[in-house]
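The values are calculated or read from the model by the stated rules, or taken from the named source; none is laboratory data. Keep in mind the model is a prediction, meaning the values are calculated, not measured. No Cβ is skipped: glycine too gets one built from the backbone with ideal geometry, and neighbour counts run over all protein chains shown.
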Amino acid sequence: MKKFVLALTAVATLGLALPASAQFAKPEDAIKYRKAAFTVMARHFGTIGGMVNDKIPFDAKAASVNADLVATVSRLPFDGFVAGTDTGETKAKPEVWKDADKFKAAATKMQDAVAKLATVAKGGDKAAIKAAFGDAGGTCKGCHDDFRNK
């Protein structure tokens, strides 16, 4: 029984250690994945922006739900930036791979900012949500400026 548990643990550990690229059959699958994740993020982030900028009625509960979704989805697209996805139907600049540490830091900064937005949104204060939204939006813009072709 002990050997079985050790073997099972070893297999599970190896499974977790597989590179992210193993989840995509082809580079274009990874590109589609990251684009889809960014599209979902943009949709929910845009809803919050519409509320705090008085383009749609403010709904504190909806702002919180959307902020939680953005925070959750913000962790997804970066698994799609694997080797071989620097060409094809992508707007990613070569700097994503040339300066991977800076790209990762920008991703982390954005994830932290949207996590803060989600926390602030739970309070329901429109002004506070607007400020946190602005901070999060700034991290998005910074990454787009440095790592995304127009």
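For this structure, a couple of remarks:
The rows are residues; the columns are (1) touching a residue at least 12 places away in the same chain (Cβ under 8 Å); (2) part of a helix (DSSP H, G or I); (3) among the β-branched types (V, I, T).
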residue	(1), (2), (3)
A105	no, yes, no
A118	yes, yes, no
G124	yes, no, no
A128	no, yes, no
G137	yes, yes, no
K141	no, yes, no
D146	yes, yes, no
K150	yes, no, no
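- Just one of the listed residues (G123, G88) is over 18 Å from the mean Cα position of the chain (by Cα) and within 24 Å of A30 (Cβ to Cβ), and it is G88.
- Taken as a whole, the structure places V96 among residues that are touching a helix residue (DSSP H, G or I) at 6+ places or on another chain (Cβ under 6 Å) and hydrophobic (A, V, I, L, M, F, W, C).
- Some residue of region 14-32 being acidic (D, E), surrounded by fewer than 17 Cβ atoms within 10 Å (Cβ to Cβ), modelled with pLDDT of 95 or more and farther than 21 Å from G142 by Cα: yes
- Just one of the listed residues (G84, G80, G123) is at pLDDT 95 or above and either surrounded by fewer than 19 Cβ atoms within 10 Å (Cβ to Cβ) or touching a Leu at 6+ places or on another chain (Cβ under 7 Å) (or both), namely G123.
- When residues in region 66-90 are screened for being among the polar types (S, T, N, Q) and part of a loop (DSSP other than H, G, I, E, B), 4 of them pass.
- Filtering D59, D101, D68 for residues that are out of contact with any Phe, Trp or Tyr (no Cβ under 9 Å at 6 or more places or on another chain), under 24 Å from K116 (Cα atoms) and loosely packed, with under 13 Cβ neighbours inside 10 Å leaves a single hit, D101.
- Considering residues of region 33-56 that are over 18 Å from the mean Cα position of the chain (by Cα) and in a helix (DSSP H, G or I) only, the residue surrounded by the most Cβ atoms within 10 Å (Cβ to Cβ): M51
- Enumeration of residues in region 99-150 that are under 30 Å from T87 (Cα atoms) and among the hydrophobic types (A, V, I, L, M, F, W, C): A100, F103, A105, A106, A107, M110, A113, V114, A136, C140, C143, F147
- Residue match in region 43-62 (condition: of a type in the set (V, I, T), farther than 24 Å from T108 by Cα and without any contact (Cβ under 8 Å) to a residue 12 or more places away in the chain): yes
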